[in-house]
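The structure under discussion appears below in the form of structure tokens.
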Amino acid sequence: MEGHQTFGLSKVSVADHDRYLSREVLAEQEADRVYGLPGQPPVKFKQYAGPGCSSIGYGAAEELGPFFPQDSSHPKLKLNPYSWNNAANLLFLESPVGVGFSYTNTSSDTNQLGDSITAKDSHAFIVKWFRRFPQFRSHKFYIAGESYGGHYVPQLSELIFYKNRNPAKKDYINFEGFMIGNAALDEETDTKGLIDYAWHHAVISDGLYHNITTKCNFSLQNQTDECNDDVDKYFQVYDIIDMYSLYTPICFSNLSSKAPDVRGTTPQTFSKIVWHRKRAGYDPCASDYTEVYLNRPEVQKALHANVTKIPYPWTHCSIGSWTDSPKSMLPVLKKLIAGGLRIWVYSGDTDGRVPVTSTRYTLRKLGLDIVEDWSPWYTSQEVGGWRVVYKGLTFVTIRGAGHQVPTFTPKPALQLGKEGISNNRVLECVIGGKGSFIRFARTRES
């Protein structure tokens, strides 16, 4: 099941806090420090390793982390100049348990996975992480996710919001808000938008579109056999093009040929199976390089990962049964909007899996008042996308980006990330003498 989470902490100096920490706490922190990675280019960089498709595999290694694995017979990494740690301290979490390098000593845990337990486990991790690194406790805390993260992120946010009702509590988290991209939010509108987007982008025929829209009712959990047959025909086209990025090539490597089928037959199936994905990105085989790299023993040792010697290889996605998945996240979003959290929803406009059409249908269903209507934002003097500011929520599109926005448009994605965690208008258009340009807000560096 795809959908990963990234945590962001406001980036300010923490050096002064070290003098107040006990030797035991400092020793625990030092044990978690990653000093270098095999194949790492020469650059000053130190970060702590954090423990579901994989947030490490997709988020850190292919989207917004500092280094990307390369195609090489030996460990090789490329520096990402648009890493989001230029804007915040990043923490990537492998969840739910069993994904990536995460594991459990109780095998039955993997048979009880669902949205609720994922939120509880993630919250427990965050609380314990802040206990391990108390110098970050006062920092503003944000959560970001994509895809099925449209479930993970709001539900975790709701749990933190609930637990934070007593600000004097020991484990209070300075939670400011969250960002979700190309996010699964509402089963009915997600699926309707999936089909409409495919027809509007010349992916399916008029006849197939007519059959699906007349035979299927996506507000219902179970569909007719006729509907299921037509939906199967719809998915057949994604055997030959990339559903997650309509206009980029697909990878033909041996590893990619093992990618699970993306077909499904009902809205419920869409939510639980389709998240296993084909490879996508500027280099369509990037996920293959990541899989080879993270399975290297020397890399796992450097990351303090797989210390229990899990008897199976690291993979991007590894999920069994799923016990609970609400049909809609809109009730949760309404609650968090009322709570005053900073909420950003963004959408790469060439994604066919959770397309911008689906997100717009969902936001319309949410029924928020518009504060600033549809308007362009700019990057390098070009239109980077469009934005609507609702009362309590901001929606941003990213032009030319697929399902994982930072993979396809890294510079605009970093601009998006900077504004999402600040009160400065990084994406706004400023009219100059010879046209438009972006005004970058200065951020506090550590």
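Numerical summary
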read-out	value
Cβ-based net charge around K78, under 12 Å, with every Lys or Arg adding one and every Asp or Glu removing one	-2
FRET efficiency, V383 to Y247 (Cβ-Cβ, R0 22 Å, nearest 0.05)	0.80
Set K140/K418; K215/K327; K163/K327; K128/K163 screened for pairs whose C-alpha atoms are more than 18 Å apart	K215/K327; K163/K327
Accessible surface of the range 288-381, 1.4 Å probe, proportion on carbon and sulfur as whole %	55 percent
Kirkwood Rh in Å, taken over the range 271-417 so that all alpha-carbon pairs contribute	18.2 Å
Efficiency of FRET between K163 and T106 - r from beta-carbon atoms, R0 30 angstrom, step 0.05	0.80
Alpha-carbon gyration tensor eigenvalues x 5, square-rooted, for the range 102-208, Å	35, 18, 11
Within-13-Å neighbourhood charge of G98 [Cβ basis; K, R +1; D, E -1]	-3
Estimated FRET transfer efficiency (K233, R131; beta-carbon r; R0 51 Å; 0.05)	0.45
Environment charge at Y390 (Cβ cut-off 13 Å; Lys +1, Arg +1, Asp -1, Glu -1)	+4
Per-peptide average of other Cβ atoms within 10 Å, ordering 96-103, 348-355 highest first	348-355, 96-103
Contour excess over end-to-end distance, with Cα ends at S325 and E226 and 0.36 nm allotted per residue	33.1 nm
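The values are calculated or read from the model by the stated rules, or taken from the named source; none is laboratory data. These figures come from a predicted structure and were not determined experimentally. Counting neighbours? That spans all protein chains shown, and the Cβs are built from the backbone with ideal geometry, glycine included. Surface accessibility is based on the protein's heavy atoms, side chains included, excluding ligands, DNA and RNA. Shrake-Rupley method; radii C 1.70, N 1.55, O 1.52, S 1.80 Å.
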